[in-house]
1. Rg to Rh ratio, the stretch 509-590, alpha-carbon atoms and Kirkwood radius?
2. Divide by every residue of the chain the summed helix terms, -39500 (n - 2.57) for each DSSP H run of at least 4, and state the resulting mean residue ellipticity at 222 nm, rounded to the nearest 500 deg cm²/dmol.
3. State, to one decimal in nm, how far the label point of LEU25 lies from the label point of GLN65, with both points 7 Å from Cα in the Cβ direction.
4. Relative to the longest principal axis of the chain, what angle (0 to 90°, nearest 10) does the C-alpha long axis of helix 509-524 take?
5. Two decimals, Cα atoms only, Kirkwood Rh: what is Rg/Rh over the stretch 132-237?
6. Do any chymotrypsin sites (Phe, Trp or Tyr not before Pro) in the stretch 281-312 lie in a loop, going by DSSP, with at most 16 other beta-carbon atoms within 10 Å of their beta carbon, and if so which?
7. Tell me the net charge near ASN238. Cut-off is 14 Å between Cβ atoms, ASN238 excluded, with +1 for each Lys or Arg and -1 for each Asp or Glu.
8. So, R0 is 25 Å and r is the distance between the beta-carbons of ARG281 and VAL341; what FRET efficiency does that work out to, to 0.05?
Amino acid sequence: MEQKLSPPQRGTRALFGLGCLLGVLVFLLVYGLAPLDVTADAWLRGGYIEADIQQHYAGWLFYRQSPLALPFCVTSNINWPAGMSVAFTDSIPLFAALFRLLSPLLPATFQYFGWYTLLCFALQGGFAVLLIGLFTPKKSAALLGALPFVVSPILLERAFRHTALAAHFLILASLYYYVQGRREGRFAYKGLFAINCLVLGIHPYFAPMTYAITFALLVEHAVSRRQLAKPAAFLGANLACTVAVGWLFGLFSGGSASGGSGIQYGHFCMNLNALWNPSSRGMGSWSLFLPQQNQTLGNYDGFNYLGLGMLLCSVFVLVMALAHWKTVRPLAILRQRFGLVFVSACLTVFAVSHVITANGAVLARLPLPQFIVELATTLRSSGRLFWPVYYLIFLCCVVALIRLFQNKKKGLELMALAVLCLVQLVDLSPALAEKARSFRPYVSAGYDLLDESAVPANGLQDFWPAASGQYSHLVALDPLQDTGLTLALYTADAGMTSSDNSFTARYDEAQAAARREGYIQAILNGQMPQDYLFLTEQESTFLQLADAAQQQGAWCGVLYTLDETGAERLLVYVIAPGMDYNGPLAREFDQDFPLHIADYSDDYWDRGVLSLNLEQIGRQADKDKVVLFYDTPYTRAKLLNASAFTASDGSVYPIQSVSDEDAGWLMVTLETDDAHQLYDESGWCMDLESVT
């Protein structure tokens, strides 16, 4: 028999449905229908806002070609031959697993990222309305109060950029159960349990956010009811199930807690100006009224702009609270919610990190034990951890307006909420318009190296068709930081495996380094496999191997790209066994192959030029005269008998001496006032030819 719903249950479901419709409406107004075409993937291949979305799509393409097995989402085509979960390409494991099961029924080209994002907006609206509905009986007030949550800058900023991170509804749902639990004197909800399990099927960064709110509810219940065993059991069972979900979707397969980028906790921290700084990566200003402010390090990933409406409302609410201190009793309210206050403080401190930044300056680097830094690096993009606090600010502002005006003139709270929404929308209008233009029609952001219409042109467009079908494996001899994302798409399309980890979020650095060294030694020892295509962006690696690879019948050379001025720039070095290639933007390795200064900087070297702090080592006389090269057989043969360099602009630089006293490097002293002249106006090192 069908279970009958009580009137409150029917009302809650109706309110949730209205909120979902609000979220869908906002999505369609901003993005239109284009992202919902599952057979259209140009915007994924071309890079939307920035290139990261190529990572998400490539992970799905690799996984779709893999056999089904448990755990789900693990494919040996990535991080070959060890394999990896597409959780580490942010491909939304829950959706990847679902559509992999349905793959035989799907069209050849299929993407789920548009529908996933639509669902996120719908659920954002649904849970926002439920949350506000806990503080007002008026559906109109709940809908108006939910609108700022649905057009939240941090939601719009992540949507289709870091697609998996658009699931902010998980935070709102946790807050809903927190408020409901406090009112009902409960701590255990099936919905809250499910949310905490679901997070690892979407993105691990949501786990500390939803669990922080859950912990706040549990600890407040345990203290107020003097009941510890049941809340602890709920938390333990929930954690166990979350770990099980993580295993089911392969989060413990092939990745690493902190490996992959070499960037530690503190780099992607939240700037102290984040709440009023309308600046983010790949976008114009988020505010019609407020100026963009400086940032430093990776502050762009700690984007937390509130919007002018919320900023003004926050000030208004704070002033009203101070003016009515005795009647409002804010300290008593905070004491009652001590668990939520505690986790909010912890999340804020973690988001700001021990590297405290304000505008474009680093104010302080607080010392932390290395083991704590390594542990925190598991969540190195710390600025994201502020999101629960961010939405608590939204909630406090909206609820304060409702409470302040609901008992006054009829409908006054609706007018106050309408003003808040109007100011918020007008302020965010530049960003909303830019987002809307991005899909009407979609235009490539310029990251798609395989798109023949992409500007500028590049050597990969001609090379890949010539190489198609010859190789089973793509091997990165160094992480392909500049070309890795688009090469991942090509590799997946060609049915090849990839050993490149540069396009994955986490990987085992020691394992990857050992694998690369194994390939290098195989080439040097004359054991180069013929169905492997070797690529590197490092000239030193290429020059170390080119002679040995050529002797084994490989085409060795460099592919170029054209910049906006039409000048050739280095793109990627290639070692292609058994191939004969002569493309328009390629140069084969030979005795006249150009040299380039090592792009190396530290306390003394500025991009390969000895320039900095020389008084500390007593080499002031060498300032700007000594340049650095990686010591490879080819470079050594070119330099040891050379008398001068000829640069590609025709300039001649006499060589005074060549030193190999520092292992792995060759230091060349030139007759010049400033060796920085070997770089052109756009910062590229010119091609150098040695003269004997």
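1. Values: Rg = 13.5 Å, Rh = 13.4 Å.
Here Rg/Rh amounts to 1.01.
2. On the way: 23 runs with 304 residues, N = 692.
It lands at -14000 deg cm²/dmol.
3. With each label point 7 Å from Cα toward Cβ, the separation is 4.5 nm.
4. The answer is roughly 20 degrees.
5. Working: Rg = 15.2 Å, Rh = 15.0 Å.
Looking at the stretch 132-237, the ratio lands at 1.02.
6. Values: sites: TRP286, PHE289, TYR300, PHE303, TYR305; in loops: TRP286, PHE289, PHE303, TYR305.
Counting only loop positions with at most 16 other Cβ atoms within 10 Å, the chymotrypsin sites (Phe, Trp or Tyr not before Pro) in the stretch 281-312 are PHE289.
7. Numbers: positive: LYS190, LYS230; negative: none.
Neighbourhood net charge equals +2.
8. Details: r = 31 Å, r/R0 = 1.26.
The computed FRET efficiency comes out at 0.20.
The values are calculated or read from the model by the stated rules, or taken from the named source; none is laboratory data. As the structure is a computational prediction, the values presented were derived from the model and not from experiment. Cβ sites come from the backbone with ideal geometry, for glycine too, and all protein chains shown count toward neighbours. Just the protein is used for accessible areas: all its heavy atoms, side chains included, with ligands, DNA and RNA removed. Shrake-Rupley method; radii C 1.70, N 1.55, O 1.52, S 1.80 Å.
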